[in-house]
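What follows is one structure encoded as structure tokens, with my remarks underneath.
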Amino acid sequence: GQNIDQPTEMTATEGAIVQINCTYQTSGFNGLFWYQQHAGEAPTFLSYNVLDGLEEKGRFSSFLSRSKGYSYLLLKELQMKDSASYLCAVRDGGSYIPTFGRGTSLIVHP
Amino acid sequence: GAVVSQHPSWVICKSGTSVKIECRSLDFQATTMFWYRQFPKQSLMLMATSNEGSKATYEQGVEKDKFLINHASLTLSTLTVTSAHPEDSSFYICSARPETSGSYEQYFGPGTRLTVT
């Protein structure tokens with residue numbers, strides 16, 4: 001089975017930087033995803049990491065350390081529209097289907 | 001990019017009735033589609049994997065006779081919630097994996113909000 005842990009809620013100020021952590025325990029590893037989900041909407045893909053290191057994509061970056069079972073999503077220059085739930089999802093070694101964490105609700109305030 | 005649609009976007013039904021939700025891949029063919037359920041402030045829980053032309057694979061704890069899945073074509077999968085009860089009220093989301101998928105491509109539909117009264 002899998003165990004994926006991320007904080008339930010975070011708050012940050014518009015224009016600031018926020019880091020959302022995700023730790024996982026899996027039997028094997030085959031990739032980690034980050035998704036953004038606004039209330040009442042489907043998740044949208046943000047990033048995919050399968051190798052260690054930092055992947056940067058505009059204001060969003062995602063980091064992975066396989067040896068530590070750890071990832072983070074870094075959001076820079078926060079905007080009000082970034083208020084959403086951020087889901088960490090992990091594929092274990094035997095499946096191409098990711099298992100989702102409970103999500104981190106990010107609230108960006110002025 | 002790839003687009004997945006769901007219909008209806010929301011539905012209210014009475015307890016004991018059945019509801020069908022459609023999931024369509026609009027601009028690609030999907031050999032595999034997935035059905036998820038999400039309760040408020042909870043994560044997405046995979047219910048079943050739907051493969052075109054074959055029986056769906058259900059996750060542990062999901063009643064296959066209650067949640068009927070049909071994947072009749074490469075662009076359409078349906079989920080029918082039979083004899084719905086208030087506890088089935090949830091957000092149902094499908095996703096589709098392109099036939100020529102890379103290692104991680106999975107595209108989500110906009111979701112269907114089901115309320116059973």
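Hey, among the residues in the stretch A:36-51 that are more than 10 Å from chain B (Cβ to nearest Cβ) and either in contact with a His (Cβ under 7 Å, 6 or more places away or on another chain) or among the hydrophobic types (A, V, I, L, M, F, W, C) (or both), which one's surrounded by the fewest Cβ atoms within 10 Å (Cβ to Cβ)? If we take residues in the stretch A:36-51 being more than 10 Å from chain B (Cβ to nearest Cβ) and either in contact with a His (Cβ under 7 Å, 6 or more places away or on another chain) or among the hydrophobic types (A, V, I, L, M, F, W, C) (or both), then A:L51 is surrounded by the fewest Cβ atoms within 10 Å (Cβ to Cβ). Checking each residue in the stretch B:92-107 for being more than 10 Å from the chain's Cα centre (by Cα) and either not in a loop (DSSP other than H, G, I, E, B) or not aromatic (F, W, Y) (or both) picks out B:R97, B:P98, B:E99, B:T100, B:S101, B:G102, B:S103, B:E105, B:Q106, B:Y107.
Given the residues A:Y86, A:Y96, which is the only one that is part of a strand (DSSP E or B) and closer than 21 Å to B:S95 by Cβ? So that I can check it myself, show each step before the final result.
Details: A:Y96 fails: part of a strand (DSSP E or B).
The match here is A:Y86.
Of everything in the stretch A:11-54 that is β-branched (V, I, T) and part of a strand (DSSP E or B), the residue that is modelled with the lowest pLDDT is A:T44. For B:Q6, the stated conditions do not hold, so it cannot be described as open to solvent by 70 Å² or more (accessible area, probe 1.4 Å) and touching a Pro at 6+ places or on another chain (Cβ under 8 Å). Of A:L87, A:L64, A:L106, all but one fail to be open to solvent by less than 10 Å² (accessible area, probe 1.4 Å) and touching an Asp or Glu at 6+ places or on another chain (Cβ under 6 Å); the exception is A:L64.
Considering only the stretch A:60-83, state which residues are part of a strand (DSSP E or B) and not aromatic (F, W, Y).
Taking the stretch A:60-83 and keeping what is part of a strand (DSSP E or B), we get A:60-65, A:70-75.
A:S61, A:S62, A:L64, A:S65, A:S71, A:L73, A:L74, A:L75, listed by residue number.
Considering (1) more than 14 Å from chain A (Cβ to nearest Cβ); (2) under 11 Å from the mean Cα position of the chain (by Cα), the lone condition that B:H85 does not fulfil carries the number (2).
The values are calculated or read from the model by the stated rules, or taken from the named source; none is laboratory data. Computed from a predicted model, the values in this text were never measured in an experiment. Glycine also receives a Cβ, built like all others from the backbone with ideal geometry; neighbour counts cover every protein chain displayed. Ligands, DNA and RNA are stripped out before the accessible areas are found, and what is left, the full protein with its side chains, is counted by its heavy atoms. Shrake-Rupley method; radii C 1.70, N 1.55, O 1.52, S 1.80 Å.
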